[in-house]
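Please read the structure below before turning to the comments.
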Amino acid sequence: MKYVDEFRDGALARGLAERIAAELRPDRRYSFMEFCGGHTHAISRYGIAELLPEAVRMIHGPGCPVCVLPVGRIDQAIGIALQRGAIVCSYGDTLRVPASDSLSLMKAKARGADIRMVYSAADALKTARANPGREVVFFAIGFETTTPPTALVVQQAAREGLRNFSVLCCHVLTPSAITHILESAEVRQYGTVPIDGFIGPAHVSIVIGSAPYEHFAEEYRKPVVIAGFEPLDVMQACLMLVRQVNASRAAVENQFARAVTRQGNLAAQRAVSDVFELRERFEWRGLGEVPYSALKIRAAYAEFDAERRFDLHYRPVPDHKQCECGAILRGVKKPVDCRLFGTVCTPENPMGSCMVSSEGACAAHYSYGRFRDVREAAA
Amino acid sequence: MGVKKDYVRPLDLRQGRIDMNHGAGGRASMQLIDEIFARAFDNDYLRQGNDGARLPVPPELLEGGQLVMACDGHIVSPLFFPGGDIGCLAVHGTINDVAMMGARPLYLSASFILEEGFALAELARVVDSMAAAARQAGVPVVTGDTKVVEQGKGDGCFIATTGVGVVPRGVKVGGAQARPGDVLIVSGTIGEHGVAVLSQRESLEFDTAIVSDTAALHTLVAGMLGAVPPGALHVLRDPTRGGLGTTLNEIARQSGVGMWIDEASIPVQPQVEAACELLGLDPLYIANEGKLVAAVAPEAAEALLAAMRAHPLGQRAARIGSVVADEHRFVQMQTRFGGRRIVDWLSGEPLPRIC
């Protein structure tokens, strides 16, 4: 496949792995957090962890949009569909996420809710046009990557004067989540989590640009390398991070220069700020309440805001007491350290957020990396 | 004046639709059977006109062989897709289930659940395709049934088929027979059926040259069994729903073994790879309808591969890995990128990722 295979070349990967190994300082270890679920997926799917030297540890961050979606929000979507009879349009991997009362969007569908899987926000708008007699709600989730398309359909719906379309906005922001992790007690005070640097998001950065990360580099002295989602991108980003750490530098570097600029996509940013404003606080699954970390629909577009339209009130739902997702997302614990992992919590029956999508730290480890636990147990 | 001769106005195959009368068991049912089913499937057993078929005892049974029976329900949407339709799929699927036991498929039954309002033209098209597939495979449909459900209670047409076959004495092919050291072979490129069907889904429609691989594999299996010493072929399975990844896990679990496969050796058409890339899916979990995976004793692997490649349905057969002893029953893969990972069971339906 052209323009894809070039970034998955095994020979180049071996070369990069050797170079990383050669440049490591023997007296230390290196821990890097890849924020994005897309990177977690690439690391697992291509077996990158096996290629990296033992002294380099990848910590899977909270950038899996499905994983961080709190149960209370899914409950809202299910409620709109089941009790209010609306058509709820959702991205594919949100359908399986477990909610309250042993439900999920998929199980609600089996109980008669009209849930439709869409590939884009525009498909939800199409559904609204095709069903003028019914309320159609787009369950809008994801980071900055999926936010602009949601903004565009809200603008479009306003232009068309669509009366039956609204958006349940659960869009969240990458920089706030990174700040939250850096501010967490384990990272800041105790230093128990040695995060030496970040692999910055690929698609998110196309939209927001590389500038927002400069703050982390300066304020927290953490190097950030923005990387593409292909496996060679990730390997090269690791090498760049190792070099920064060795040189005691903390800068934002852009490995994904073929797509990311410093300013990002200004047209997309304009559409987003036209439609959305900051929420004061938002609950993240696994991280809890994070201030100024999510978006809501501005009053000017109030009629397209499902929360206002259906008069929804948010009710948080706590995770299982023994669930260690929060600690895992901050890099304090590994999936195997959780008592629920692989026993009652599996991809078929996820208890915590990290097991929900293949991009989540626990699901990725369960589905792709469990063989390492066997090896570690034997060692 | 004598009794006037019966006249039955033929079914309107252009405008006509299934109505509740067609399932009521009266004249309308009889006419539907005569003009659509019996006409297409025509054979000596159906002509007996009974509720069941009386079948001769196959010679293998007299020589210590055993009967094999398998059934398969078909609910594909859309009914027609590039490279096939629900009709031929219903024949191939069941023949393959019988063949994967190492058996020679002999007869099929077909049970149709039709939805009120289903166009007779489409029904005729499905049945004709089914009959052509059965004829080409040399496995006749010897008995059948039709029911009609009210509109909204079906998806146009569901077809359940049952197959009967015989496995000769000495052939012990089964999912629990894989042994450490066995070589794993797949009969060709994976993922075409699933991608072909996906490309036609209403919400997804994309242009692709990919056609379903739907095919009956029993002659390929016969060639394979003939090419290796008795007992050397341990496992045969067709990686349908769940794809190759799930099928390998099924075999690993049944046999209590692990597997090591090499991603670079798994044949995938570039168009399938590209479509999966675009949709965020993994070809390892996409359905096939004309492929099989085999576990064979290592010393017989080359002969088996040669026999497979000599058959039109096995030309791109490839050795993809081997069976290993592993109490955890992991299916592990050397990635093309040079890494290593587990190939797990498919969890739920394959759903596209967000970003």
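The values are calculated or read from the model by the stated rules, or taken from the named source; none is laboratory data. What you see is a predicted model, and the numbers here were worked out from it, not measured in a lab. Cβ placement follows ideal geometry from the backbone for every residue including glycine, while neighbour counts extend to all protein chains displayed. To get the accessible areas, we keep the full protein, side chains included, count just its heavy atoms, and leave off ligands, DNA and RNA. Shrake-Rupley method; radii C 1.70, N 1.55, O 1.52, S 1.80 Å.
Values computed for the structure shown
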quantity: Flag if A:T179 is within 17 Å of the chain's Cα centre (by Cα), at pLDDT below 95 and open to solvent by 10 Å² or more (accessible area, probe 1.4 Å); calculated: yes
quantity: Boolean, A:L232 is within 24 Å of A:I195 (Cβ to Cβ), buried (at least 22 other Cβ atoms within 10 Å of the Cβ) and touching a Pro at 6+ places or on another chain (Cβ under 7 Å); calculated: no
quantity: Meets criteria (in contact with a Phe, Trp or Tyr (Cβ under 9 Å, 6 or more places away or on another chain), facing chain B (nearest Cβ under 9 Å) and more than 13 Å from B:G339 (Cβ to Cβ)) for A:G47; calculated: no
quantity: Residues being open to solvent by less than 10 Å² (accessible area, probe 1.4 Å) and within 11 Å of chain B (Cβ to nearest Cβ) - total across region A:68-96; calculated: 5
quantity: Residues satisfying the stated conditions in region B:80-92, i.e. farther than 11 Å from B:I159 by Cα and either open to solvent by less than 20 Å² (accessible area, probe 1.4 Å) or touching a Ser or Thr at 6+ places or on another chain (Cβ under 6 Å) (or both); calculated: B:F81, B:G83, B:G84, B:D85, B:H92
quantity: Filtered residues of region A:261-290 (kept if at pLDDT below 95 and exposed (fewer than 14 other Cβ atoms within 10 Å of the Cβ)); calculated: A:R281, A:E289
quantity: Spans of helices (runs of 4 or more DSSP H) in region A:33-121 with at least 3 residues more than 30 Å from A:P194 (Cα to Cα); calculated: A:71-82, A:105-110
quantity: Residues (of a type in the set (G, A, S) and open to solvent by less than 50 Å² (accessible area, probe 1.4 Å)) located in region A:1-18; calculated: A:G10, A:A13, A:G15, A:A17
quantity: Selection within region A:352-366 - open to solvent by 20 Å² or more (accessible area, probe 1.4 Å) and over 14 Å from the mean Cα position of the chain (by Cα); calculated: A:H365, A:Y366
quantity: Matching residues in region B:298-321 - criterion: being closer than 17 Å to B:I261 by Cβ, open to solvent by 10 Å² or more (accessible area, probe 1.4 Å) and more than 21 Å from the chain's Cα centre (by Cα); calculated: B:P298, B:R319, B:G321
quantity: Selection count, region A:154-173, where residues are over 21 Å from A:P316 (Cα atoms) and either open to solvent by 30 Å² or more (accessible area, probe 1.4 Å) or under 22 Å from the mean Cα position of the chain (by Cα) (or both); calculated: 7
quantity: Residue in region A:327-335 that is within 14 Å of chain B (Cβ to nearest Cβ), under 23 Å from A:G63 (Cα atoms) and surrounded by 18 or more Cβ atoms within 10 Å (Cβ to Cβ) present; calculated: yes
quantity: Elements of type helices (runs of 4 or more DSSP H) in region B:36-155, at least 1 residues being over 30 Å from B:A209 (Cβ atoms), of a type outside the set (S, T, Y) and within 21 Å of the chain's Cα centre (by Cα); calculated: B:86-99
quantity: Which listed residue is over 17 Å from B:P239 (Cβ atoms), in contact with a Pro (Cβ under 8 Å, 6 or more places away or on another chain) and of a type outside the set (A, V, I, L, M, F, W, C), from B:G256, B:G280; calculated: B:G280
quantity: Among (1) over 15 Å from B:S187 (Cβ atoms); (2) among the small types (G, A, S); (3) crowded, with 16+ Cβ neighbours inside 10 Å, the one test that B:A216 misses; calculated: (1)
quantity: Checking A:R372 against (1) within 13 Å of chain B (Cβ to nearest Cβ); (2) at pLDDT 90 or above; (3) surrounded by fewer than 24 Cβ atoms within 10 Å (Cβ to Cβ), the condition it does not meet; calculated: (2)
quantity: Of all residues making up region A:336-351, the number that are in contact with a Phe, Trp or Tyr (Cβ under 9 Å, 6 or more places away or on another chain) and open to solvent by less than 20 Å² (accessible area, probe 1.4 Å); calculated: 2
quantity: A:Y366, sole failed condition from (1) more than 14 Å from chain B (Cβ to nearest Cβ); (2) not in a loop (DSSP other than H, G, I, E, B); calculated: (1)
quantity: Residue within region A:19-26 that is over 26 Å from A:G326 (Cα atoms), open to solvent by less than 50 Å² (accessible area, probe 1.4 Å) and modelled with pLDDT of 95 or more present; calculated: yes
quantity: Flag if A:S184 is under 14 Å from the mean Cα position of the chain (by Cα), in contact (Cβ under 8 Å) with a residue 24 or more places away in the chain and open to solvent by 10 Å² or more (accessible area, probe 1.4 Å); calculated: no
quantity: Lone unmet requirement of (1) open to solvent by 50 Å² or more (accessible area, probe 1.4 Å); (2) in contact (Cβ under 8 Å) with a residue 24 or more places away in the chain for B:G245; calculated: (1)
quantity: Filtered residues of region A:230-259 (kept if more than 16 Å from A:L16 (Cα to Cα) and of a type in the set (A, V, I, L, M, F, W, C)); calculated: A:V245, A:A247, A:A250, A:A251, A:V252, A:F256, A:A257, A:A259
quantity: Test result for A:G209, open to solvent by less than 20 Å² (accessible area, probe 1.4 Å), small (G, A, S) and free of Cβ contacts under 8 Å to residues at least 60 places away in the same chain; calculated: yes
quantity: Hits in region A:1-42 - residues which are touching a Pro at 6+ places or on another chain (Cβ under 8 Å) and within 9 Å of chain B (Cβ to nearest Cβ); calculated: A:M1, A:R8, A:A13, A:A17, A:C36, A:G37, A:G38
quantity: Residue in region A:115-133 that is open to solvent by less than 40 Å² (accessible area, probe 1.4 Å) and farther than 24 Å from A:I78 by Cβ present; calculated: no
quantity: Given (1) within 23 Å of A:G72 (Cα to Cα); (2) crowded, with 23+ Cβ neighbours inside 10 Å; (3) of a type outside the set (S, T, N, Q), index of the condition A:D101 fails; calculated: (2)
quantity: Sole exception among (1) closer than 30 Å to A:A128 by Cα; (2) out of contact with any helix residue (DSSP H, G or I) (no Cβ under 6 Å at 6 or more places or on another chain); (3) not assigned by TED's automatic domain parsing to the domain that holds A:T150 for A:P194, by number; calculated: (1)
quantity: Yes/no for B:S187 being at pLDDT below 95 and either under 30 Å from B:P229 (Cα atoms) or among the polar types (S, T, N, Q) (or both); calculated: no
quantity: Hits in region B:272-297 - residues which are buried (at least 19 other Cβ atoms within 10 Å of the Cβ) and either among the small types (G, A, S) or over 19 Å from the mean Cα position of the chain (by Cα) (or both); calculated: B:V272, B:A275, B:C276, B:L279, B:L281, B:A287, B:G290, B:A294, B:A295, B:V296
